[in-house]
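Engineer: Provided herewith is a single structure, encoded as structure tokens, for subsequent inquiry.
The values are calculated or read from the model by the stated rules, or taken from the named source; none is laboratory data. Being a predicted model, the structure only gives us computed values, none of them experimental. Using ideal geometry, Cβ is built from the backbone for each residue, glycine included, and neighbour counts are taken over all protein chains shown. Protein only, heavy atoms only, side chains kept; ligands, DNA and RNA dropped before computing areas. Shrake-Rupley method; radii C 1.70, N 1.55, O 1.52, S 1.80 Å.
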Amino acid sequence: MKAVAHASLKRLRTDHIDLFYQHRVDLDVPIEDVAGAVKELIAGGKVRHFGMSEAAVQTIRRAHAIQPVTAVQSEYSLFYCGPEADLLPALEELGIGFVPFSPLGAGSLTGKIDENTKLDPTDFRNMVPRFSPEARKARHAAIPRLINPTPITATALSLCALLVISASSGFLEVELYWARRKPRVSRIRSNVAGTPCGQAKGVMRFDDPDNKHYR
């Protein structure tokens with residue numbers, strides 16, 4: 001971790017890193033050692049905050065006991081709702097911020113990807129069952145039910161939905177600047193507030209039992 005941090009500082013031409021992530025847990029290195037190394041980097045002024053990526057709750061707790069974790073990133077969208085079960089409650093308890101990645105379901109919630117969309121041969125989605133042509137066709141067909149009757153794009157609604165769901169759970173209170181300026185956002189809130197992730201406007205959940213291969 002220290003070597004990576006110093007290499008990053010050199011590449012970035014800066015004297016400190018604001019948020020230094022362990023980007024995926026290394027199962028061969030005890031998390032206590034990782035957190036301890038970051039703690040020393042923070043004490044030395046090289047790093048200001050410690051972040052983790054896609055870590056299990058117990059791993060986060062162990063790391064947090066050595067060096068307080070500032071943020072955890074994990075996939076979260078109307079397409080994948082896994083963090084709601086255990087991760088979000090634990091982060092709320094510990095006072096750790098949450099950074100959702102792929103909030104648009106790796107493109108699935110934009111309304112622009114269907115079974116005919118050609119993916120580059122190197123695209124990771126080719127290896128994931130929930131991005132098969134059949135799965136993409138089913139999701140694309142559901143997009144109109146997600147956005148109607150709100151005159152807004154699927155992309156904007158998906159992002160707003162995460163904010164509303166998070167705020168209603170008491171975990172995260174965030175507003176988008178542009179959203180505050182749009183009267184139609186009140187209709188978005190009425191569509192998604194209080195509903196579980198992935199079920200807004202009756203749209204089916206897209207959690208995939210094969211998701212373990214992705215995460």
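Engineer: Provide Lys39, Lys2 ordered by accessible surface of protein heavy atoms (probe 1.4 Å), highest first.
Structural biologist: Details: Lys39 105, Lys2 85 Å².
So the residues, ranked largest to smallest area, are Lys39, Lys2.
Engineer: Any idea what diffusion coefficient segment 8-150 gets from Stokes-Einstein, in µm²/s, Kirkwood Rh on alpha carbon pairs, 37 °C, 0.692 mPa s? Present the calculation step by step, with values, prior to reporting the outcome.
Structural biologist: Values: Rh = 17.5 Å.
Answer from the Stokes-Einstein relation: 188 µm²/s.
Engineer: Need one value: the accessible area of Arg61 in square angstrom, 1.4 angstrom probe, rounded to the nearest 10.
Structural biologist: About 80 Å², ignoring ligands and nucleic acids.
Engineer: Can I ask one more? According to a simple spin-label model (label point 7 Å from Cα along Cα-to-Cβ), what is the distance in nm between Asn126 and Arg11?
Structural biologist: Going by the 7 Å Cα→Cβ label model, 2.5 nm.
Engineer: Ok, one more. What net charge is computed for the residues neighbouring Leu9, neighbours being all others with C-beta under 14 Å from the C-beta of Leu9, Lys and Arg scored +1, Asp and Glu -1? Numbers along the way, then the final one.
Structural biologist: Details: positive: Lys2, Lys10, Arg11, Arg13, Lys46, Arg48; negative: Asp15, Asp18.
Counting the neighbours of Leu9, the net charge comes to +4.
Engineer: Please give the solvent-accessible surface of His49 in Å², to the nearest 10, using a probe radius of 1.4 Å with every protein chain present.
Structural biologist: Near enough 90 Å² of accessible area.
Engineer: Between Tyr21 and residues 5 or more places away or on another chain, which pairs have amide H atoms under 5 Å apart, with H built 1.01 Å from N, and which residues are they?
Structural biologist: Hits under the 5 Å cutoff: Gly51.
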